[in-house]
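**Student:** One structure is given below, represented as structure tokens, and several questions about it will come after.
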Amino acid sequence: MMTKQESAARALATGQKGPVKGEAASQQTVTNLWQDAFYRLTRNRAAVVGLVLIVALILVAVFADRIAPMYYTDGDSVLNNAVPLWLTKVMPGHMEKYAQISDLYPFGADYLGRDLLSRVIYGTRVSLPVGFVGAMTALLIGLIYGSVSGYYGGKVDDVMMRIVDIMYAFPTMLLIILMMAFFKSSFGGAAAPGTLAYEVNRINDVVDRIMGLDSGGMLFIFIGIGLTAWMGIARLARGQILSLKEKEFILASRMIGARDGRIIWRHILPNIIGPILVQITLAIPSYIETEVFLSFIGLGVDPPTPSWGSMISEGANTLRSYPHQVLLPALLLAVTMFAFNFLGDGLRDALDPRMRGTK
Amino acid sequence: MTRYIIRRLLWTIPVLLFISIITFALVHAVPGGPFDKEKARPAEIQANLLKHYGLDQPLWKQYTDYIGITRNPSGKYAGILQWDFGPSIAQRSRTVNEIFSAHLPVSATLGLVALLLAVGLGVPLGIIAALKQNSIWDYLSMAIAIVGVSVPAVVIGPLMILVFALLLGWFPVAGWGSLRYVVLPAVTLGLGSSAIIARLTRASMLQVIREDYIRTARAKGLSEKAIIVRHALKNAFIPVATVLGPMFAALVTGTFVVEQIFAIPGMGKYFITSITNRDYPVVMGTTLLYAVFLVAANLLVDITYAFLDPRIQYE
């Protein structure tokens, strides 16, 4: 499939009609790397599906308060674990014998009688920002760290890379759990004005409000994921720069008097941004998964803010009696992961010629 | 080779020391202690409790006591060097050693089954996909792989229970006991790993079958089976072996999510509850256990390199 698409892409990019014959065709110049890559991406059906899904999820997150039938804290505790009639027919077991039947909620209610659908919709405001902010921080720290380390090389590189090695030797999950426990007990709860905890909490409130949530402790999740996520990018950027900086065109640019900043910005970054973009896109699911894991173990978002992780955890607890509760958050999480993985794979095929066809 | 192994083994000492110091510092840096409860205890009782567990000592002394190179307050050497991982503070009647011997076998069994499944499923899928590149088999196995990579255990676990336990009734919903209890959690655990292995195997297999020595083997007139098994697979397995190391450590020491969903009495729980309970000896013990498994697995991987590829030599 891939090769057919590629040759079609090449044929179009090179203005050729009909099938491309042999490798010689790939030697012909194309208009522009990004146009070429974008064209190849749009020819990859899975990647396009991924992209469409991601855009849809972003829209859901932005307009959550318009789409969701209720607010995420609204509920009627009388109707706890209520199930609509149609769900009792498709789910295993005999829920209709003991569960409360109520068609008020399209996908049922949780143990506090809150609408599951609304909570899942608001959950996008947790998961997507976590993915994107994780990617941004990883990109920012990792790229700068890796670029400096790779470009200056020598002793600087040695020291900087040993630090990364040490961070790698440490179990990441343990680090992030410890960090979240630290944040929760240092900054959780009320604090007197004037103290550090008070100020941190105020920043956190602002972050939560930007995300469109009334509570959640999103700042701490961002910090926790950001601090543990940059090492991979740093290594990748360093490796790429190490091999690039010896190339002739960098030397040529230096000969005509370009300064370090210009060389990095104009000549090195455009050459390494492809693989880094790919790695970042493929890492977004892992950031989302980290948040889900943290919320699953109760160290993620603060209740009552809905996270898919905490919803899956609650749903798993009631799996025997109310098997439907786990389904919605689990499926939405799976779809999100698929979307980012599809897009990442598509980007890699489109941007990184060496990886083409190897997946 | 022997010298290399000895040197690597010696290297594990500073690595483990480093990890233990960092963990110790981090877990003590988290505010709060194991005896902070909603209802405050009288100060004398609190002081006695701290004293009983040696938590009134200066931090460095607590650390050296834990390692077992200084006498603890009761005048004995009782630390890791004496194979004493200390008491669990949250579970008053148990020691960390007892927790290990009760729960590690469960996690290890589950982890090993999951790992076998991951390799047994991932490697063949990867080989088929590579040998029949761009065929329907390639797309099919890579489709399975992308499901495994994308869908986390938090999702697969409940879905497995829904379909195979509640709907079809083939396996028990949760719990631990006979072999039937192992199947669903092991599949849940192993699926993600098998997907990673399948993709890696395919990628490295595609690279290897284009090497010169494969062409030489073909030119000699060897059978296709001999070429694949004896020449290609051995080399293609090297990148796969690299990820097996950390994978093994993570799977064997327990995965919290899967053990939680399937109500399995494994180690995973202790990784997390010990931190939220500030159960210092358990945090230290579980982390060190994980680190030991990781270091050992990585060493094993490096040794297998030499067997897989004679060009790799250690001195």
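Conditions tested, residue by residue: (1) within 29 Å of A:Ser185 (Cβ to Cβ); (2) not charged (D, E, K, R).
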residue	(1), (2)
B:Leu9	no, yes
B:Ser20	yes, yes
B:Leu26	yes, yes
B:Ala43	yes, yes
B:Lys51	yes, no
B:Asp56	yes, no
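**Student:** Related question: Output the residues belonging to the stretch B:3-42 that are facing another protein chain (nearest Cβ under 7 Å) and not in a helix (DSSP H, G or I).
**Tutor:** B:Val30, B:Pro31, B:Gly32
**Student:** I'd like the residue in the stretch A:98-142 that is in a helix (DSSP H, G or I) and of a type in the set (D, E, K, R) and, out of all such residues, is nearest to A:Arg235 (Cα to Cα). Spell out how you get there, then give the answer.
**Tutor:** Filtering the stretch A:98-142 down to residues in a helix (DSSP H, G or I) leaves A:98, A:116-142.
Now restrict to residues that are of a type in the set (D, E, K, R): A:119, A:125.
Details: A:Arg119: 38, A:Arg125: 30 Å.
Going through the qualifying residues, I end up with A:Arg125.
**Student:** Output the number of residues of the stretch B:176-207 satisfying the condition of being over 23 Å from A:Asp349 (Cβ atoms) and of a type outside the set (Ser, Thr, Tyr). Quick ask: steps written out before the conclusion?
**Tutor:** Within the stretch B:176-207, the first condition is being over 23 Å from A:Asp349 (Cβ atoms), and the residues that meet it are B:176-191, B:193.
Now restrict to residues that are of a type outside the set (Ser, Thr, Tyr): B:176-177, B:179-180, B:182-187, B:189-191.
Here the count works out to 13.
**Student:** What do you reckon, is A:Thr281 surrounded by 22 or more Cβ atoms within 10 Å (Cβ to Cβ), within 18 Å of the chain's Cα centre (by Cα) and either in contact (Cβ under 8 Å) with a residue 24 or more places away in the chain or within 26 Å of A:Ile221 (Cα to Cα) (or both)?
**Tutor:** On the way: surrounded by 22 or more Cβ atoms within 10 Å (Cβ to Cβ): yes; within 18 Å of the chain's Cα centre (by Cα): yes; either in contact (Cβ under 8 Å) with a residue 24 or more places away in the chain or within 26 Å of A:Ile221 (Cα to Cα) (or both): yes.
So A:Thr281 fits the description; yes.
**Student:** Check A:Gly142, A:Gly217 and return the single one that is at positive phi and not acidic (Asp, Glu).
**Tutor:** On the way: A:Gly142 fails: at positive phi.
That would be A:Gly217, the only listed residue that is at positive phi and not acidic (Asp, Glu).
**Student:** Only one of these is of a type in the set (Lys, Arg) and away from chain A (no Cβ under 14 Å): B:Lys61, B:Lys132. Name it. It would help to see each step written out before you state the result.
**Tutor:** Values: B:Lys132 fails: away from chain A (no Cβ under 14 Å).
Every option except B:Lys61 fails the conditions.
**Student:** Same structure again: How do the pairs read when you match residues in the stretch A:189-215 that are more than 18 Å from A:Val62 (Cβ to Cβ) and at pLDDT 75 or above with residues anywhere that are of a type in the set (A, V, I, L, M, F, W, C) and in a loop (DSSP other than H, G, I, E, B), using Cβ under 7 Å and keeping only pairs 6 or more apart or on different chains?
**Tutor:** Partner pairs satisfying both residue conditions: A:Ala197/A:Ala191; A:Tyr198/A:Ala191; A:Tyr198/A:Ala192; A:Asn201/A:Ala191.
**Student:** Also: In the stretch B:43-77, what residues are among the acidic types (Asp, Glu) and part of a loop (DSSP other than H, G, I, E, B)? Let's see the steps before the verdict.
**Tutor:** Initial filter on the stretch B:43-77 (among the acidic types (Asp, Glu)): B:44, B:56, B:65.
The answer is B:Asp56, and nothing else.
**Student:** Need a quick list: helices (runs of 4 or more DSSP H) entirely within the stretch A:1-79 having at least 3 residues that are modelled with pLDDT of 75 or more. I'd like the intermediate steps shown before the answer.
**Tutor:** Values: elements: A:2-13, A:24-27, A:33-43, A:45-62, A:64-67.
Qualifying helices (runs of 4 or more DSSP H): A:33-43, A:45-62, A:64-67.
**Student:** Here is a further query. In the stretch B:153-177, what count of residues is obtained for those that are free of Cβ contacts under 8 Å to residues at least 60 places away in the same chain and within 12 Å of A:Ile312 (Cβ to Cβ)?
**Tutor:** Of the residues in the stretch B:153-177, 3 are free of Cβ contacts under 8 Å to residues at least 60 places away in the same chain and within 12 Å of A:Ile312 (Cβ to Cβ).
**Student:** Can you list the helices (runs of 4 or more DSSP H) found entirely within the stretch B:208-296 that contain at least 1 residues being more than 30 Å from B:Gly33 (Cβ to Cβ)?
**Tutor:** Working: elements: B:212-219, B:233-252, B:256-261, B:268-276.
Qualifying helices (runs of 4 or more DSSP H): B:212-219, B:233-252, B:256-261.
**Student:** Which residue pairs have Cβ atoms under 6 Å apart, sit 6 or more places apart or on different chains, and have a first residue in the stretch A:156-184 that is under 19 Å from A:Asn204 (Cβ atoms) and within 8 Å of chain B (Cβ to nearest Cβ) and a second that is among the aliphatic types (A, V, I, L, M) and not in a helix (DSSP H, G or I)?
**Tutor:** Short answer, once both residue conditions are applied: A:Ala181/B:Val30; A:Phe182/B:Val30.
**Student:** Residue under question is A:Leu219, and the condition is that it be of a type outside the set (Ser, Thr, Tyr), crowded, with 19+ Cβ neighbours inside 10 Å and part of a loop (DSSP other than H, G, I, E, B); does it hold?
**Tutor:** Details: of a type outside the set (Ser, Thr, Tyr): yes; crowded, with 19+ Cβ neighbours inside 10 Å: yes; part of a loop (DSSP other than H, G, I, E, B): no.
It is false that A:Leu219 is of a type outside the set (Ser, Thr, Tyr), crowded, with 19+ Cβ neighbours inside 10 Å and part of a loop (DSSP other than H, G, I, E, B).
**Student:** Among the listed residues B:Ile261, B:Ile275, B:Ile196, which satisfies the condition of being surrounded by fewer than 24 Cβ atoms within 10 Å (Cβ to Cβ), in contact (Cβ under 8 Å) with a residue 40 or more places away in the chain and touching a helix residue (DSSP H, G or I) at 6+ places or on another chain (Cβ under 7 Å)?
**Tutor:** Values: B:Ile261 fails: surrounded by fewer than 24 Cβ atoms within 10 Å (Cβ to Cβ); B:Ile275 fails: surrounded by fewer than 24 Cβ atoms within 10 Å (Cβ to Cβ).
Exactly one residue qualifies, and that residue is B:Ile196.
**Student:** Kindly indicate whether B:Arg7 is more than 21 Å from A:Met173 (Cα to Cα), touching a residue at least 60 places away in the same chain (Cβ under 8 Å) and loosely packed, with under 13 Cβ neighbours inside 10 Å. Step through it out loud before you land on a result.
**Tutor:** Working: more than 21 Å from A:Met173 (Cα to Cα): yes; touching a residue at least 60 places away in the same chain (Cβ under 8 Å): no; loosely packed, with under 13 Cβ neighbours inside 10 Å: yes.
So B:Arg7 fails the test.
**Student:** When you scan the stretch B:85-99, do you find a residue that is at positive phi, surrounded by 15 or more Cβ atoms within 10 Å (Cβ to Cβ), over 18 Å from the mean Cα position of the chain (by Cα) and not in a helix (DSSP H, G or I), even just one?
**Tutor:** At the first step, the residues of the stretch B:85-99 found to be at positive phi are B:86.
Now restrict to residues that are surrounded by 15 or more Cβ atoms within 10 Å (Cβ to Cβ): B:86.
If we keep only those that are over 18 Å from the mean Cα position of the chain (by Cα) as well, we get B:86.
Among the residues that remain, those that are also not in a helix (DSSP H, G or I) are: B:86.
The answer is yes; a qualifying residue exists.
**Student:** Go through the stretch A:223-269 and give me each residue that's under 21 Å from A:Ala283 (Cα atoms) and touching a His at 6+ places or on another chain (Cβ under 6 Å). Show your work before the answer.
**Tutor:** Narrowing the stretch A:223-269 to residues under 21 Å from A:Ala283 (Cα atoms): A:223-241, A:269.
Within the stretch A:223-269, no residue meets the criteria.
**Student:** Still on this structure, I have one more. Of everything in the stretch A:241-296, what is within 14 Å of another protein chain (Cβ to nearest Cβ) and either out of contact with any helix residue (DSSP H, G or I) (no Cβ under 9 Å at 6 or more places or on another chain) or polar (S, T, N, Q) (or both)? Give them in sequence order. It would help to see each step written out before you state the result.
**Tutor:** Filtering the stretch A:241-296 down to residues within 14 Å of another protein chain (Cβ to nearest Cβ) leaves A:281-296.
Within the stretch A:241-296, A:Thr281, A:Ser286, A:Thr290, A:Ser295 meet the criteria.
**Student:** Filter the stretch B:186-221 down to the residues that are among the hydrophobic types (A, V, I, L, M, F, W, C) and touching a Pro at 6+ places or on another chain (Cβ under 7 Å) and list them by number. Quick ask: steps written out before the conclusion?
**Tutor:** Restricting attention to the stretch B:186-221, the residues satisfying the condition of being among the hydrophobic types (A, V, I, L, M, F, W, C) are B:186-187, B:189, B:191, B:195-198, B:200, B:203, B:205-206, B:208-209, B:214, B:217, B:219.
The answer is B:Leu200, and nothing else.
**Student:** List every residue pair whose Cβ atoms sit under 9 Å apart, with the two residues 6 or more apart in sequence or on different chains, where the first one lies in the stretch B:206-230 and is in contact (Cβ under 8 Å) with a residue 60 or more places away in the chain and away from every other protein chain (no Cβ under 14 Å) and the second, anywhere, is in a helix (DSSP H, G or I) and β-branched (Val, Ile, Thr).
**Tutor:** Listed by first residue and then by second, the contacts come to B:Ile228/B:Ile127.
**Student:** For the stretch A:305-321, what are the residues that are assigned to a loop (DSSP other than H, G, I, E, B) and either in contact with a Pro (Cβ under 7 Å, 6 or more places away or on another chain) or at the interface with chain B (Cβ under 8 Å from one of its Cβ atoms) (or both)?
**Tutor:** As a first pass, look at the stretch A:305-321 and keep what is assigned to a loop (DSSP other than H, G, I, E, B): A:305-307, A:318-321.
Those that are assigned to a loop (DSSP other than H, G, I, E, B) and either in contact with a Pro (Cβ under 7 Å, 6 or more places away or on another chain) or at the interface with chain B (Cβ under 8 Å from one of its Cβ atoms) (or both): A:Leu319, A:Arg320.
**Student:** Moving to a separate point now. Could you tell me whether the stretch B:145-154 includes any residue that is closer than 17 Å to A:Phe338 by Cβ, part of a loop (DSSP other than H, G, I, E, B) and facing chain A (nearest Cβ under 9 Å)? Explain how you work it out, then say what you get.
**Tutor:** Step one: of the stretch B:145-154, the residues closer than 17 Å to A:Phe338 by Cβ are B:145-154.
Now drop any that are not part of a loop (DSSP other than H, G, I, E, B), which leaves B:151-152.
If we keep only those that are facing chain A (nearest Cβ under 9 Å) as well, we get B:151-152.
Checked the stretch B:145-154: at least one residue is closer than 17 Å to A:Phe338 by Cβ, part of a loop (DSSP other than H, G, I, E, B) and facing chain A (nearest Cβ under 9 Å).
The values are calculated or read from the model by the stated rules, or taken from the named source; none is laboratory data. Note that the structure is predicted; figures quoted are calculated from it, not measured. So basically every Cβ, Gly included, is an ideal-geometry build from the backbone, and we count neighbours across all protein chains shown.
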